[in-house]
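A short write-up of the structure that comes next.
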Amino acid sequence: MARPDHTVFLKRSFSRMDQLATPFLTGRRLCMQLARVVPYGTNGVVVELGAGPGVLAEPIRERLGPDARYLAIEIDPELVAHLRQHKPWLEAVEGDVADLDRILDDAGIDKVDAFVSTLPWAVFPQDLRMKVMGVIASRLVPDGVLSMIITWMALPKRVRDLRALLDAHFDEVVETATEWRNPPPARTFLCRRPLARPNSLDERDTRSAS
Ligand SMILES: C[S@@+](CC[C@H](N)C(=O)[O-])C[C@H]1O[C@@H](n2cnc3c(N)ncnc32)[C@H](O)[C@@H]1O
């Protein structure tokens, strides 16, 4: 992982901790786990949400075929500038995931094969989470996958709400074991088979996180 990635991220965390949620970048092991939802050699569309300075860029790139598209969406202008300077081969988009539908339309993307997210979901208000999750589920191809991270800094109730939201939008949600070596410790959710009609949060089944 490139040292400048850490430096720029740490610097931005002093002024935008509300958006970054942590001064630490995702560690290599979790990056590899998150990127694994991208099938080797794919020529499909991969969209990363909350790309930061691009720690996931190489693990994702290693898996891409020659005709794949890799869109990296990030809200912070300095981190986007960093992405454009250090990872010019990916499509860095400065934008808010609240506008995900429009961002994908503007990029000429209809369907997505894999979403990889390190967004700070736990600090997002519930209406934003519902909006973004709805777009992710509606844009994924039927056998597409969403991988996302949740850190131990998230409050248990927020994690339960998030898990319920995932269960409402996906047929299968797999929660991995905690990676204790990540600063902070974190686990991933791997979500498959987006539901054409999301379940209501009130009618969800009992698959909530414990
Ligand atoms: C926890 S950091 C993850 C950074 C990096 N991808 C990693 O894995 O270490 C969350 C990232 O999401 C970005 N972010 C937060 N809110 C966002 C939003 N509404 N739209 C797009 N990006 C957002 C932050 O600026 C930050 O770069």
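Remarks
- Over the chain, DSSP H runs of length four or greater, each weighted -39,500 (n - 2.57), average out per residue to a 222 nm ellipticity of -10000 deg cm²/dmol.
- Mean separation of Cα contacts under 8 Å, 6 or more apart, over the residue count of the stretch 88-151: relative contact order %: 45 percent
- In terms of the mean number of neighbouring beta-carbon atoms within 10 Å, the peptides 107-119, 150-162 order highest first as 107-119, 150-162.
- Rounded, prolate or oblate (a/c below 1.5 giving rounded, otherwise prolate when a/b exceeds b/c) for the stretch 1-118 by Cα gyration tensor: oblate
- Across the stretch 154-165, rounded Karplus estimates of 3J(HN,Hα) from the backbone phi angles (6.51 cos²θ - 1.76 cosθ + 1.60, θ = phi - 60°) give 6, 5, x, 5, 5, 5, 4, 4, 5, 4, 5, 5 Hz, Gly and Pro being marked x.
- Å² of accessible area per residue within the stretch 89-210, as computed with a 1.4 Å probe and no ligands counted: 49 Å²
- One chain, two ends: Asp171 and Leu155. Fully extended at 0.36 nm per residue, the span grows by 3.3 nm beyond their Cα-Cα distance.
- Normalised per residue, the accessible area of the stretch 1-54 is 48 Å², obtained with a 1.4 Å probe and no contribution from ligands, DNA or RNA.
- For the chain, the number of Lys pairs separated by eight or more positions or lying on different chains, with C-alpha atoms closer than 27 Å, is 4.
- Carbon plus sulfur fraction of accessible area for the stretch 81-198, probe 1.4 Å, in percent: 54 percent
- A Stokes-Einstein calculation at 20 °C with viscosity 1.002 mPa s, built on the Kirkwood radius of the chain over Cα pairs, returns a diffusion coefficient of 125 µm²/s.
- Relative contact order, whole percent, for the chain stands at 19, derived from Cα pairs under 8 Å and 6 or more residues apart.
The values are calculated or read from the model by the stated rules, or taken from the named source; none is laboratory data. These numbers come from a predicted model, not from an experiment. Ideal geometry is used to build each Cβ from the backbone, glycine not excepted, and the neighbour counts take in all protein chains shown. We work out accessible area using only protein heavy atoms, side chains counted, and drop any ligands, DNA or RNA first. Shrake-Rupley method; radii C 1.70, N 1.55, O 1.52, S 1.80 Å.
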